[in-house]
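Comments concern the structure below.
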Amino acid sequence: MMKSSLSNRDYELISAYLDGEVDARQKKAIEMRLGHDPQFKSAYEQLWQTRWLLRSQAALRAPRNYLLSPKMIAASQTSASPFFSFAALLRPVSALVSILFLILFGLNWFSAGRMMSAPPMENSKMLYQQAPVEMAPAQPTPSGTTAEDEQPMAKSMATTVPNPQAIAPPMIEGGGGMGAGEGGEGAVEAPLLEPYSATLLMAPTETITATLLPETTEEIVASQDQTEAETLQSSLAESEETETGFSSGQAQTGWLIKQVLFGFLAIFFAFLAIRLRKVGS
Amino acid sequence: MDEQRLIYDAQKGDLEAFNRLVLAYQDVIYTHAFRMLGDESAADDAAQETFIAAYKAICTFRGGSFRAWLFRIATNQCYDELRRRQRRPTTPLEPFTADDEGVESPKWMGDDSNSPEDALEQEALKEALQKCLNGLPREFRSVVLLIDVQGLDYAEASQALGVPIGTIKSRLARARLRMQHCLQAYWELLPEKFRLKDEGS
């Protein structure tokens, strides 16, 4: 047989042309080529003959009738494999789990993106030092402040979370509204807030409020002395170093492992759902 | 026969209406199963299973070509059978006599031709075609059977097989080309009028 130089695309066009499944432009091009390309014309004729041969086959007659009876229907329903009912349940569950892992994947990515956009440690430190000045007007709080009075402060802390400046440890007055009667002019910084900045970035308002206030209160009680505050400031610098090392090393590896895990699980369950769909059909 | 009305009634649980659809389609479904499987008893089982599955799933039919929908079920039944065979390959294509000799002109390949000569020609042709069909990958086989043997258009074949029309086009072209090459090997079996012009060149 003559070696054909026609491509698969050529045969595809000829085949579709035989069935009238080409558009007007293709039809014109094929007819032009049939006129001047003998090899193309020969391929056309051979495919035409093959197609005609296949179409010339008469339909067979069924050896019997396949009429259904209620008994047959009942028998087929009772003999249905329990795997199919299990598969029918597993299919939507797998799809849901796949979507869940996809959402986790996205959230993890999103939260990582927000962490990346946080200011470098130098900025935080600078803001940390400026914070007492900026928040000074809000400091004097009358002793005996109730929890309700404190709420606006908590809100302001929480609502400014997306702004990196708000992550800097806020200036906390002696009383802090929580420790009644302990107010004083010795405004003390809350040094332990800084290491939690990453957590705060992701936490909702209520969580931040709930997390910060009790701790700050404890810190206030513990660090009224100015000297102690300085000590804490130096310890903060140390913790920054630790944090920097952690975020660039372990945190990134952990994040990456989580992403891979979530992605893998999402794909796995999606694949499972698709396979079960095919089994079901 | 108002097919839509019968489908509607069958969806309401009217078995009688569904059986009228069975009578209308049983020959084409059996033919499709036979060409896909190349085995009478397997085709018989596949056709019966197709109609049982179709009745159970008739409520999921949402319009379009009922024939294509039925072919889809039949094709899936055949795929299942072919998968089972792959796991446990046993049955030869040709039936054997008690002496383990192949039957040359088996009854199951016969048809209603008039003259003995025509019958022989048809017989040879059917055998050659079935052998070539059996040699095709099942995805190619189903496309060529639905379009060239059953006469579905590309859109119906696409619905029946659950693949895009572009895939139907390319699979069909490749299947026809393979059939053409395969039939060259059965040159002596083919009647004069079926022989390709440049065979042997």
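The values are calculated or read from the model by the stated rules, or taken from the named source; none is laboratory data. Keep in mind it's a predicted model, so treat the numbers as computed, not measured. So basically every Cβ, Gly included, is an ideal-geometry build from the backbone, and we count neighbours across all protein chains shown. The accessibility values were calculated without ligands, DNA or RNA, using every heavy atom of the protein model including side chains. Shrake-Rupley method; radii C 1.70, N 1.55, O 1.52, S 1.80 Å.
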Per-residue average of other protein chain Cβ atoms inside 10 Å, peptide B:167-173 -> 5
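Is the stretch B:10-94 rounded, prolate or oblate when judged by the Cα gyration tensor, a ≥ b ≥ c being the square roots of its eigenvalues, rounded requiring a/c under 1.5 and prolate requiring a/b larger than b/c?
Working: a/c = 2.44, a/b = 2.05, b/c = 1.19.
Prolate is the answer for the stretch B:10-94, as a/c is 1.5 or above and a/b outweighs b/c.
On average, how many beta carbons from a partner chain sit within 10 Å of the beta carbon of a residue in A:7-18? The partial results should precede the final answer.
Values: counts 0, 4, 2, 1, 7, 9, 2, 3, 10, 7, 0, 4.
Going residue by residue through A:7-18 and averaging, the value is 4.
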P(r) of the stretch B:17-58 in 5 Å steps, Cα pairs, percent per bin?
6, 27, 31, 22, 11, 3, 0
Please give the average number of partner chain Cβ atoms lying within 10 Å of the Cβ of each residue in A:63-72, rounded to a whole number.
6
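Buried accessible area between A and B (1.4 Å probe, both chains summed, ligands and nucleic acids excluded), in Å² to the nearest 100? Intermediate results must be reported in sequence, preceding the final value.
Numbers: alone 19150 and 11810 Å², together 26690 Å².
That pair hides around 4300 Å² of surface in total.
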What distance in nm separates the simple spin-label points at residue A:259 and residue A:72, each placed 7 Å from Cα in the Cβ direction?
5.8 nm
Can you run phi through the Karplus equation (6.51, -1.76, 1.60; θ = phi - 60°) for the stretch A:30-43 and list ³J(HN,Hα) in whole Hz, with x for Gly and Pro?
5, 5, 5, 5, 4, x, 10, 10, x, 5, 5, 5, 5, 4
Given a Förster distance of 41 Å, the FRET efficiency implied by the Cβ-Cβ spacing of residue B:139 and residue A:100, rounded to the nearest 0.05, works out to 0.75
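Full extension from residue A:7 to residue A:48: what is 0.36 nm times the residue separation minus their Cα-Cα distance, to one decimal in nm? Let's see the in-between values first.
On the way: separation 41, 0.36 × 41 = 14.76 nm, distance 1.72 nm.
The span from residue A:7 to residue A:48 would gain 13.0 nm if fully extended.
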FRET efficiency for residue A:111 and residue A:89, using Cβ-Cβ distance with R0 set to 45 Å, rounded to 0.05:
0.85
For labels at residue B:2 and residue A:32 in the simple 7 Å Cα→Cβ model, what's the distance in nm?
5.2 nm
Between residue B:45 and residue A:250, what is the spin-label point distance in nm, taking each point 7 Å from the Cα along the Cα→C-beta axis?
6.1 nm
For the stretch B:136-178, list residues with backbone N below 12 Å from a point placed 7 Å from the Cα of residue B:57 toward its Cβ?
B:160-162
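Using 29 Å as the Cα-Cα cut-off, could you pick out the over-long pairs in A:71/B:12; A:41/B:126; A:27/B:126; A:71/B:126; B:126/B:169? Could you put the intermediate results ahead of the total?
Numbers: A:71/B:12 18 Å; A:41/B:126 27 Å; A:27/B:126 33 Å; A:71/B:126 37 Å; B:126/B:169 25 Å.
As for pairs spanning more than 29 Å Cα to Cα, those are A:27/B:126; A:71/B:126.
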